[in-house]
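The values are calculated or read from the model by the stated rules, or taken from the named source; none is laboratory data. What you are looking at is a predicted structure, and each value in this text was computed from that prediction instead of being measured. FYI the Cβ positions are ideal-geometry reconstructions off the backbone, even for glycines, and counts take in every protein chain you see.
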Amino acid sequence: MRAGFPEFRLGNVLAMSFTGTLSERRGNAVERIPTPHRLVDWLVVNGLAVDSCTTAQLDLARELRESIHATATAAAIQDPLPASALRVINDRSAQGRAAAVLTPEGKRRWQLGSASCVEDALGVIAADAISIIAGERDGRLALCASPTCRAAFFDTSQSRTRKWCDMNTCGNRQKKARFTANRRKTPGSAE
Ligand SMILES: [Zn+2]
């Protein structure tokens, strides 16, 4: 992929991987889709290849991302869903023209409209967010326990007790912090 840009965090829940393209929202935020090209890269990785992307379309994508984040956060803490964010999600869902198609291997693939435009891809992401927030999918919406993150994520673990949006980043950092704190409490403890 392109060098010099923050890496993507990959997950298996499309809408939540999308909100994860902005991480550390409560700390030093990391924008993982800083340019239109980078959004194209992200869409390719997630099976939504588009022909091109303009700055205006990137703005549209980020608006959808923050709307999903706000709505999923409200749903996770059982707050009323924010009306303006809902409108954005619904508009994007209504305006995308993509079809689910079945491959000979029995896999579901998204076929974007004839122009393969960003709006079609955003429609798929918006619909994915709707199915999660509406509670149609097997899992639980939760907020990351890291105070600098607080990302909304979809917990599909058996016990539904996942605490972090991402084990490799937030989970690891938290574990390391606890380890250091414990060592401070017991001076002289071996490495
Ligand atoms: Zn997190």
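Quick look at the numbers
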item: Filter result for Val101 (away from the ligand (no atom under 16 Å from the Cβ), touching a residue at least 60 places away in the same chain (Cβ under 8 Å) and among the β-branched types (Val, Ile, Thr)); result: no
item: Residue list for segment 94-115, restricted to those being surrounded by 10 or more Cβ atoms within 10 Å (Cβ to Cβ), in a loop (DSSP other than H, G, I, E, B) and more than 19 Å from the chain's Cα centre (by Cα); result: Arg97, Gly113, Ala115
item: Asp155 within 30 Å of Ala98 (Cβ to Cβ), among the charged types (D, E, K, R) and touching a residue at least 40 places away in the same chain (Cβ under 8 Å); result: no
item: Members of segment 131-145 that are within 13 Å of the chain's Cα centre (by Cα), of a type in the set (A, V, I, L, M) and within 16 Å of the ligand (Cβ to nearest atom); result: Leu141, Ala142, Leu143
item: Contacts under 9 angstrom Cβ, first residue in segment 125-140 being on the phi > 0 side of the Ramachandran plot, partner of a type outside the set (A, V, I, L, M, F, W, C) and not in a helix (DSSP H, G or I), 6 or more apart; result: Gly139/Asp155; Gly139/Thr156; Gly139/Ser157; Gly139/Arg160
item: Residue satisfying all of: in segment 106-129; in contact with a helix residue (DSSP H, G or I) (Cβ under 6 Å, 6 or more places away or on another chain) and among the aliphatic types (A, V, I, L, M); farthest from the ligand (Cβ to nearest atom) among these; result: Leu112
item: Qualifying residue in segment 51-61 (condition: under 13 Å from Thr19 (Cβ atoms), crowded, with 20+ Cβ neighbours inside 10 Å and modelled with pLDDT of 95 or more); result: yes
item: Residue check for Gln174: without any contact (Cβ under 8 Å) to a residue 24 or more places away in the chain, over 19 Å from the mean Cα position of the chain (by Cα) and surrounded by fewer than 19 Cβ atoms within 10 Å (Cβ to Cβ); result: no
item: Residues of segment 72-97 that turn out to be in contact (Cβ under 8 Å) with a residue 24 or more places away in the chain and either aliphatic (A, V, I, L, M) or in contact with a Pro (Cβ under 6 Å, 6 or more places away or on another chain) (or both), as a count; result: 8
item: Among the candidates Asp91, Asp128, residue that is within 15 Å of the chain's Cα centre (by Cα), outside any loop (DSSP other than H, G, I, E, B) and within 28 Å of Pro36 (Cβ to Cβ); result: Asp128
item: Residue count, segment 146-182 (criterion: near the ligand (Cβ under 10 Å from one of its atoms), in a loop (DSSP other than H, G, I, E, B), under 21 Å from Leu14 (Cα atoms) and small (Gly, Ala, Ser)); result: 1
item: All helices (runs of 4 or more DSSP H) inside segment 1-86 with 3 or more residues being among the charged types (D, E, K, R); result: 55-76
